[in-house]
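Scroll down for the structure; my scribbles are underneath it.
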Amino acid sequence: MIRFLKSNSSYVMKPELAGTTAKATILVGDKEQKTMLRSAEILHDAIPDSTLQVLQQYGHGEFSLNHPKDYVALLTRMVSPLR
């Protein structure tokens, strides 16, 4: 656990991320820790044309774990234009 926490707290975003052409959607629950919300905002600011969705009434991992059908439906909508 100590290694995990040290690794998480020492992460540095690579500057090359700003050059990505990937279509990125960042999901974060509004009940997550403030550090997670801030990290999502930082990622959104760093990735050009990214989308930030703050999921109301969701905690960390809750969307995919507790609502898998809704999560898969969202992912399907996101990738369907790529077909």
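The values are calculated or read from the model by the stated rules, or taken from the named source; none is laboratory data. Note that the structure is a prediction, hence the values are computed from the model and not measured. In this analysis, Cβ positions are derived from the backbone assuming ideal geometry, glycine residues included, and neighbour counts consider all displayed protein chains. Accessible surface is based on the protein model in full, side chains and every heavy atom, while ligands, DNA and RNA are left aside. Shrake-Rupley method; radii C 1.70, N 1.55, O 1.52, S 1.80 Å.
For region 36-59, indicate whether the set of residues that are under 20 Å from SER10 (Cα atoms), open to solvent by less than 40 Å² (accessible area, probe 1.4 Å), within 12 Å of the chain's Cα centre (by Cα) and acidic (Asp, Glu) is non-empty. Within region 36-59 (the criterion being under 20 Å from SER10 (Cα atoms), open to solvent by less than 40 Å² (accessible area, probe 1.4 Å), within 12 Å of the chain's Cα centre (by Cα) and acidic (Asp, Glu)), the answer is no, since none of the residues qualifies. Beta carbons closer than 8 Å, at least 6 apart along the sequence or on distinct chains, pair a first residue in region 30-44 that is closer than 14 Å to LEU55 by Cβ with a second that is of a type in the set (Asp, Glu) for LYS31/GLU62; LEU37/ASP30. Beta carbons closer than 8 Å, at least 6 apart along the sequence or on distinct chains, pair a first residue in region 1-25 that is among the basic types (Lys, Arg) with a second that is outside any helix (DSSP H, G or I) and exposed (fewer than 11 other Cβ atoms within 10 Å of the Cβ) for LYS23/ASP49.
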